[in-house]
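Structure first, commentary second.
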Amino acid sequence: MSQLDLSTDEARVSYGIGLQLGGQLRDNPPPGASLEAVLAGLADAYNGAENRVPAEVLNASFQVIRERMQAEAAAKAEQAAQAGRDYLSENAQRKGVTVLASGLQYEVLVSGDGAKPSAEDHVRTHYHGTLIDGTVFDSSYERGQPAEFPVGGVIAGWVEALQLMNAGSKWRLHVPSELAYGGQAVGSIPPHSVLVFDVELLDIL
């Protein structure tokens, strides 16, 4: 590759555009993506060259790849959902785990003797959230700052659990995906994820 001159603002901005496009492609690559073909398409469009693939053929290929990606996503989602069901089924058999009618599971780590909040209350908590494989996705402990929020403004599993907890308590929640984010991906949380939280109810505000 010839030496690239990035000494001017124009060249650096051009390079930055390429970085952005490359990052998008890297983070959401279609199956079998070819960087060589991407660069050829980019150059042809930029230079106003004639398309090398007829529009109807290109559209048909896009449809094939879309369907393949949808099938792969559906298979991955079902695999995640099944892993969650298996986890909850096994976890429900452990000593000290309470299973509620909603499917929410919890363990009492520390029993508090304060009041219980209502859905209209605001609370201060410390929490540590992981996926079932132990991957941490959020933690007020790691941030070193408790979180304050309305009881009714969080995921359904938390809304239910918080109203059962006495201030001063610490529980471990095992939250089915339907009481969390369901089939939606949120941040680093994949779709259909069972979430595990250690939740410490510090105060009712």
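Laboratory data are not the source of any read-out in this text; all were calculated from the coordinates shown. Worth saying up front: this structure is predicted, and the values here are computed from it rather than measured. Note that we place each Cβ from the backbone using ideal geometry, even for glycine, and neighbour counts take in every protein chain shown.
Observations
- Selected from SER177, SER61, SER89 as most flexible by GNM, with the chain as the system and alpha-carbon contacts under 10 Å: SER61
- Entry for Cα Rg over 2.2 N^0.38 Å (calculated from the structure that is shown) out of (1) 1.05; (2) 1.48; (3) 1.18: (2)
- Length added when fully stretched, VAL38-LYS76, from 0.36 nm per residue minus Cα-Cα: 11.0 nm
- For the chain, the longest principal axis of the C-alpha atoms and the axis of helix 35-47 are separated by about 60°.
- Top of ARG172, ARG143, ARG12 by mean-square fluctuation, Gaussian network on the chain, Cα under 10 Å: ARG12
- Surface/4 of the Cα convex hull for the stretch 87-204, nm²: 6.9 nm²
- Positive-end extreme of charge dipole, the stretch 1-117 - chosen from GLN24, GLN3, ALA71 (charges on Cβ): ALA71
- Relative to the longest principal axis of the Cα atoms of the chain, the long axis of helix 9-27 lies at roughly 60 degrees.
- Length released on extending from GLN93 to ARG52, taking residue separation times 0.36 nm less the Cα-Cα span: 8.7 nm
- Once the gyration tensor of the Cα atoms in the stretch 9-81 is diagonalised, the equivalent ellipsoid follows with semi-axes of 29, 20, 7 Å, ordered largest first.
- Dipole magnitude for the stretch 87-204: computed about the Cα centre from +1 point charges on Lys and Arg Cβ and -1 point charges on Asp and Glu Cβ, it is near 200 debye.
- Spatially proximal lysines relative to LYS95 (Cα-Cα < 30 Å; intrachain offsets below 8 disregarded): LYS116, LYS170
- Protection proxy ranking of 108-119, 184-195 - average other beta-carbon atoms within 10 Å, highest first: 184-195, 108-119
- Helix-derived mean residue ellipticity, 222 nm - over the chain, DSSP H n ≥ 4, -39500 (n - 2.57), to 500: -13000 deg cm²/dmol
- Nearest-20 debye value, the stretch 9-81 charge dipole, Cβ charges on Lys, Arg, Asp, Glu: 180 debye
- Put the Cα centre of the stretch 131-171 next to the Cα centre of the stretch 33-105 and the gap is 29 Å.
- Measuring nothing but how far apart in sequence close Cα pairs (under 8 Å, 6+ apart) lie, relative to its length, the chain scores a relative contact order of 20 percent.
- GNM result for the chain, Cα springs below 10 Å: residue of GLU56, GLU78, GLU148 fluctuating most strongly: GLU56
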